[in-house]
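Report on one structure; see the data block that follows.
The values are calculated or read from the model by the stated rules, or taken from the named source; none is laboratory data. Everything numeric in this text was worked out from a predicted model, so none of it was measured. Here the Cβ is made from the backbone with ideal geometry for all residues, glycine too, and neighbour counts use every protein chain on show. SASA here: full protein model, heavy atoms, side chains in, ligands and nucleic acids out. Shrake-Rupley method; radii C 1.70, N 1.55, O 1.52, S 1.80 Å.
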Amino acid sequence: MSSPNETTETTTTNEAPAPSSSSNANEGASFHTPSLYVGDLAPDVNESLLFEIFSAVGPVASIRVCRDAVTRRSLGYAYVNFHQLADAERALDTMNFSMIKGKNCRIMWSQRDPSLRRSGVGNIFVKNLHESIDNKQLYDTFSLFGNILSCKVVVDPPTGKSKGYGYVHYETQEAANAAIDKLDGMLIDGQEVQVGLFMRRHDRTDVFSWTN
């Protein structure tokens, strides 16, 4: 992670650190760092463009677009570090899912602790989504039940079309349970969705029931 005093840079990593986000700007303070993960970026989005975009919100300390160590091609995500937490909160609130180079970016709080994602706590799986449902609509629908750390509709890389399922990771298991209770079997854009706790493949007793 870039320190607040670093200048604009790139990184040579091949693996994305676990990101997280907040559905409420005030909850961002719990992360103690004005650093944001910006995902779903077009391949030609670079540091200078991101610096120009995010500087409109407040002073930016550093930007890094993560790239393949060998080819130097963008991996489709970046980290934006502000000097002030309030500016990072404002960027998350006002710029999430905004269009950059023809693609809607996903902005989340940068979370350094990958154990949050691996623990499975608060993680749910959503199946039978209408093809029109995108990341923003998924976020807007499920954020009613609690603070979302991350959410994503899974798409086919060549076409960018939805595969009909996605994931939502809540900060608490209580929020995940509430979402399952209220939304499982409900109609979203005319299709009845299935919502359940996400389970790793080797932990599932009925793998085929959750195969899309």
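For the reader, a short list of remarks on this structure follows.
- Förster radius 41 Å - calculated FRET efficiency between S55 and E174, Cβ distance, rounded to 0.05: 0.60
- Solvent-accessible area assigned to carbon and sulfur over the range 62-169 amounts to 50 percent, based on a 1.4 Å probe.
- Computed with a 1.4 Å probe over protein heavy atoms only, the accessible surface of the range 133-205 comes to 56 Å² per residue.
- FRET efficiency for the pair N104 and D156, taken as 1/(1 + (r/R0)^6) with r the Cβ-Cβ distance and R0 = 22 Å, rounds to 0.85.
- Chain lengthening between K136 and D44 when straightened (0.36 nm per residue, less Cα-Cα): 30.9 nm
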